[in-house]
Structures are given as structure tokens and as C-alpha cells.
Amino acid sequence: MQIKHRGAMRKYELLSYFMDNIPDVIYFKNRKGELVLVNQAHAKGLGMKSEDVIGKTDFDFFPKNRARRMAKDDSFVIRTGKPMIDKVERATRPDGVDNYVSTTKIPMRDGKGNVIGLAGITRDITKRMQFEHLEKEKARIEKKLEVLETMNKVKSDFISTVSHELRTPLAIIKQLVALIFEEVAGQINDKQKEIIKKVENNIERLKKLIEDLLDMSRIDRDKLELHYSLINFCDLLKDSADFYKKLAEEKGVNLKYDFPNKELNLFIDADRINQVIANLINNAIKFTEEGGSISIEIKVLETKIRVGVIDTGIGISKTDLPQLFNRFVQVSNDGGAGRKGVGLGLSIVKELVKRHDGEVWVESELGVGSKFYFTLPRFYRPDILDKDAKDKVDNFLKKGISVQFVNLIIVNYKGFKERIKINPEKLFGDLKFIMNTAFKGASKGNFKGFPLILTDIKNGKCSIVFPKLAERESARAVQLFKDKVKNYFMEQKVESAFVNIGVLSCPTKARSPVTRKFSASFTVKEVYVGLEMRRFKRVFCKMKIKIFLPGNKTETMQTVDISEGGVCFITRKLLKADSEIDINLRFDKTKESVIRAKARVAWIKKIELLSGEPVNKYKVGVEFVGLESKYRKVISKELRF
């Protein structure tokens, strides 16, 4: 309809425009229930033209039961002269679609006040009802969660109290049994010693059970504290290797370790990670038959290390795998190992790894064996710290003094050396001097033995380690360092060199509802110098990715982040660690933005809801294998590294 100038527009034209353009159904009926006027929305809903609807009743369009209900409402309004306001009901449209509608009907009167019909308006309120339903469901779930949280707290407090109360008498029993075994209270025979030895073994089992219950209680009550220190991870494993090798040997199982040929210095709670390793190795020994083998492998990934405990044991069925890391779950087995414990070990492993910002998962096949994996975050520069430096750092952490690393990394070091005319020894001597000057220029305190400055001339890296300054001093120290490095390269007439600073704080802030507690904190700041941006900077990026699986199967999913080194994505398929897959990435619809590459699965993480309940989805990190330079350029261009 063409609208005339407002001053000349008549009332009926305004009403007609409103009627024809409002999405709600509007209609007028006489006393017989016959439609005398409808708007376009009403006619369109009936699949007819407006003029074809006139003179018909609801019985001509709707099922009899529905038409009877509508006629009853019409009769009430016309008979009583009272309106019917906002009646909500579930309805089925003539096209068969179910929805919710709100209907208002008012009596229509003549000049004498007699009811001659009615006017009605019906609005689709399906979305409103869905929202109200969700609000009610949300309130119901929140109330249920509140009750469960209260019950869970009561349960955790009870377990904690009982466990603590059990520790003291258990310790006394253990001491008394030891006195009897050592014949302090009198001589005993060999048979009695054998029995007492079994008692001691069961006391140890009971002690382990109590410790597990206490740990789970601490986790539930958010009382589990992690005490970080800088640890040589390989040395940590080597310290207990002989014990586990002997334990495996007693059962006729061969246990071996596969260590990387480099030092791995990580910030971890050594006792808790030892607990993780002990649990996984003990389980592997328990469920591996005589003549079997177990291997402990440590792989260095780009930003993580991955530990694998791989056995040739009885394996785990596919039906048991999804619940394996849940509390109080014990999988069925045919190996005769028995159902010992209460099924808390792996759930504690999961929590401890999670609180170290790592992932844990399992791959297994019944009758073939199991592969348990977990990852821990890795930082580049602390790897080169010697024992003296590590001891100094640990002393600060134990005193609750935060520590900061500023790491300088020359990107594409080989190409960089060819472009500059500075001798590497002189270059790093100058950088070391700049680092020291920047720290002392910003620091107001006198820290004996600091800063620690370490250089790695071969790989183009150097680090400065110092107690974390006040926020303003710390920012000033790093900015001073950055500016002085820039000026240095300008003075040396090194063209196209850049100095870029990125900040990585560790431990990272919690990304889950769980509050983490740490004995001390530290930060790692990385300064990149080079002729091109850092290769493996990760950028959050959501786009479609297609993976090609064995048997000509494909799956399309969404990415989480991407770098020139690899990509992280969400999938419903449980992939295997180190398996190779083909992937296709498309940034947009242009041919130049399609990436085809091979990738190796590096780590896997089971996705959970905020409530902790697992879902049938996995976050997977893969590393590119031999990525062609043209595709690397596409990533650099699209993500603007």
C-alpha cells in the first residue's frame, strides 16, 4: 500500500496499513462466528487470500476440537459482553506446526451498545514460552545444584573428619604390629611373621585409601594446595625408576623408560606429579601379566611435554573407557587382579593434572593393553638453568617471593646470523650487558645473587631471571630492556629487525569454576627479536576444519586456535596419540585460503560441562607434519602474525 502525506491520510488508511503490516493475526467476527474482516497475517497463516476468508468460520479451517474451543470462547465474549484477555494455549497451525499463542478477544458493539460480534488478536508467543520454560528450568537446576552442593559439602566434611580420625589409630596399629614383627614384645615363629607381614600390607592399603579420601575431600572443599618449584622432570622420574623396575620385575614384567636427550625443567608440584606417575605405573604393573612389558615415554611437544605409560596388559573395554576417570569407578577385568581400592586413584590423577593446566586421557583395547597419557605445560628458557640457578629460584619460591623470567629469543636465528655482521659471542655479550643494565635501572631493591643471566649462543636465546618486582618496576624493567635492544640493533645498522614482547603468566588463571591456590607465583615474559614473527604464536580462531580418517571417513568440525605449528579443534571422534591425519582448512571461499596438510595428534582432552559432567566431545591438539611454505604463508597472512 502506498502511504499518502500524513496530513491527508485518513483514519481508515492508517488502520488498514497497521492491519496489513503487523505480524499478529487480527480478525473481526459477527455473532454467528463468521469472519467479516481479517488482516494479511491471518489470511497468510491459513494459506488463502483475505477476500476468500470472509464469510467462513473457524470450522472451515481448523480441526473440530480446536474449532469448538475457539467457538466457545467467542460465545462467552458475545454472550457476556466481557473481554477475554491474553489466553495462552498450545495450538496447531493449519500448516501442521505446533506453537504457543496468546489470544485476546473483545466484544464489538453497535451505536446502542448491543454486542454485534467481536474483534480478536492472536500472537505467536512460542519464543516467550520457551524462554519462560528455560527460566523455570534454570531456577529448578540452580535449586537442585544448591542442594547438591550442600550435600556434597556435608559429605566432604564427613569424609575429611572420619579420615583424619582414622589416621591416628591406624598409625598406632602400624607401630604395634612393627613391634611384634621385630620381636620387641617376645619371640614369634615364621608362620606368625608371615601373618603379620600380611597385616602390614593391608595397613598400607588402608593408609593409601585414607590418603585418597583426604585428597578427594581437599579437592571438593578447594583445600588442595600446590607447591611449585623448578624441577628437572627427567631426574624426577629417574629418582623412582629403580623402585618401579624392581616392583615390575617381581611380577615378571619388563619396565623401561624412554627419556628425551635434553633437560626438561618444569614448574610443578613434584610431590603431586609423583603421585600421578605412581598411580599410573602401579596400575600398569597390576594389570599386566607375567612376561608383559611397560614403557614410560616422555615426548617434548611445542608448548607441552607428554608422558605416556604404555602397557601390554589386559586392557579396558570400550564401554568402560568413558567412565574411567570418574570417582568410585572400577572397570571390570578378566586378569584376576581383583577389585582393590574404591576407585579414586584415576579421578585424583585427573584433578592433579588438570590443576597443572594439563590434559589426561587413555587409549586401550581389551586383551591388547592400555596407553595412559598426560601433559604438562612447558616453557622454553627455564630449560637451560643449571643447579645453582634452580636452587636460587627455589629458595625464593619457598619464601613466597615471586620470580620473573625475561627470555630473549631470536627468531629464525640461522637466517638472522647471515644478515648481521656481529660476532655471535659479541652479540650475546652485549645483550647480557643490556639485560643487567635494564634490571638495575628499574629495580630499587638489592637482591643478592640476582639477576641471573644465562645465554644459549648456539640456539640464539638468552634469559634473565630475577625476583618479581613491583608491577610498575617490572613493567619498567621489561620496557627498558626492549627499548635498549631496539636501540642496539639500530646502532649496529641491522635493517628490518623487530623486537616484540609477549607475556605468559604461570600458573595461569583458572579457566574453570575451580579456585586454584599456589604457594608462590612467577611470570615468563618472552621478547622476540628477528626478521619475521615467531613461528608458533597461537591465535584463537574459529573456522571449519575437515579431517580425513581411515576407511575414507571424513568429519567436519570447528577450530579453537591455530598457529604455523599446528591447530586445536573440537571433535566427537576419539583419536589416538601420534596418529597421522590429513586435514583441510578453509579461511574463506577463495582458493588461495585453503590449506591441505598432514598433522600428528599431540594431545587429547575430554571436554566437560561446568558441573564436571563429561560430554561426548574432545579437544585435540595436532602438530603439522612437513607443512608446505605456501600454506605457512597463508596462515601468516590470514592471522596476521
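The values are calculated or read from the model by the stated rules, or taken from the named source; none is laboratory data. This structure is a prediction, so every number in the text was calculated from the model and none was measured. Using ideal geometry, Cβ is built from the backbone for each residue, glycine included, and neighbour counts are taken over all protein chains shown. Each accessible area value is taken on the protein alone, full model and side chains, heavy atoms only, with ligands, DNA and RNA left out. Shrake-Rupley method; radii C 1.70, N 1.55, O 1.52, S 1.80 Å.
Structural remarks
- Number of the condition not met by Ala270 [criteria: (1) over 16 Å from Asn232 (Cα atoms); (2) open to solvent by less than 30 Å² (accessible area, probe 1.4 Å); (3) touching a helix residue (DSSP H, G or I) at 6+ places or on another chain (Cβ under 7 Å)]: (1)
- A Cβ distance below 9 Å, combined with a sequence gap of six or more or placement on separate chains, defines the contacts here; from the range 619-639, residues that are more than 19 Å from Glu580 (Cβ to Cβ) and in contact (Cβ under 8 Å) with a residue 12 or more places away in the chain reach residues that are of a type outside the set (Phe, Trp, Tyr) and in a helix (DSSP H, G or I) in the pairs Val634/Glu592; Val634/Ser593; Glu638/Ser593.
- Single match in Arg128, Arg79 (criterion: part of a helix (DSSP H, G or I), modelled with pLDDT of 90 or more, open to solvent by 30 Å² or more (accessible area, probe 1.4 Å) and not aromatic (Phe, Trp, Tyr)): Arg79
- Residues satisfying the stated conditions in the range 353-394, i.e. outside any helix (DSSP H, G or I), at pLDDT below 85 and over 16 Å from Trp603 (Cα atoms): Phe379, Tyr380, Leu385, Asp386
- Of all residues in the range 441-482, those that are more than 36 Å from the chain's Cα centre (by Cα), at pLDDT 75 or above and either open to solvent by 60 Å² or more (accessible area, probe 1.4 Å) or hydroxyl-bearing (Ser, Thr, Tyr) (or both) total 1.
- Looking only at the range 203-227, and only at residues there that are in contact with a helix residue (DSSP H, G or I) (Cβ under 9 Å, 6 or more places away or on another chain) and part of a loop (DSSP other than H, G, I, E, B), the one that is least open to solvent (accessible area, probe 1.4 Å): Leu224
- Matching entry among Glu592, Glu555, Glu564 (being out of contact with any Asp or Glu (no Cβ under 8 Å at 6 or more places or on another chain), modelled with pLDDT under 80 and outside any loop (DSSP other than H, G, I, E, B)): Glu592
- Test: residue in the range 45-57 that is assigned to a strand (DSSP E or B), within 14 Å of Val25 (Cα to Cα) and not basic (Lys, Arg): no
- All of Arg69, Arg90 fail the test of being open to solvent by 70 Å² or more (accessible area, probe 1.4 Å), at pLDDT below 95, in a strand (DSSP E or B) and of a type in the set (Lys, Arg), apart from Arg90.
- Candidates in the range 15-41 are the residues that are closer than 22 Å to Arg109 by Cβ and modelled with pLDDT under 90; of these, the one that is least open to solvent (accessible area, probe 1.4 Å) is Met19.
- Residue among Lys633, Lys605 that is open to solvent by 50 Å² or more (accessible area, probe 1.4 Å) and either part of a strand (DSSP E or B) or modelled with pLDDT of 80 or more (or both): Lys605
- Residue in the range 70-92 that is within 28 Å of Ser16 (Cβ to Cβ), touching a residue at least 12 places away in the same chain (Cβ under 8 Å) and among the hydroxyl-bearing types (Ser, Thr, Tyr) present: no
- Screening the candidates Glu302, Glu249, Glu263, Glu290 for the property of being outside any loop (DSSP other than H, G, I, E, B), among the charged types (D, E, K, R) and open to solvent by 10 Å² or more (accessible area, probe 1.4 Å) yields one hit, Glu249.
- Subset of the range 42-53 [over 21 Å from Arg90 (Cβ atoms) and surrounded by 15 or more Cβ atoms within 10 Å (Cβ to Cβ)]: Ala43, Met48, Ser50, Val53
- Exactly one residue out of Gly113, Gly55 is under 17 Å from Leu35 (Cβ atoms) and either of a type in the set (Ser, Thr, Tyr) or more than 57 Å from the chain's Cα centre (by Cα) (or both): that is Gly55.
- Of all residues in the range 184-202, those that are more than 24 Å from Asn282 (Cβ to Cβ), open to solvent by 40 Å² or more (accessible area, probe 1.4 Å) and modelled with pLDDT of 80 or more total 8.
- Scanning the range 106-132 for residues that are touching a Leu at 6+ places or on another chain (Cβ under 6 Å) and in contact (Cβ under 8 Å) with a residue 60 or more places away in the chain returns a single hit, Met108.
- Residue ID - nearest to Pro83 (Cα to Cα), chosen from residues in the range 10-38 that are in contact with a Ser or Thr (Cβ under 7 Å, 6 or more places away or on another chain) and touching a residue at least 40 places away in the same chain (Cβ under 8 Å): Gly33
- Among the candidates Tyr100, Tyr27, the residue that is under 19 Å from Asp124 (Cα atoms) and in contact with a Gly (Cβ under 7 Å, 6 or more places away or on another chain) is uniquely Tyr27.
- Residue count for the range 239-278, restricted to those that are within 16 Å of Ser293 (Cα to Cα) and touching a Phe, Trp or Tyr at 6+ places or on another chain (Cβ under 7 Å): 2
- Within the range 96-109, tally of residues that are at pLDDT below 90 and more than 20 Å from Ile22 (Cα to Cα): 3
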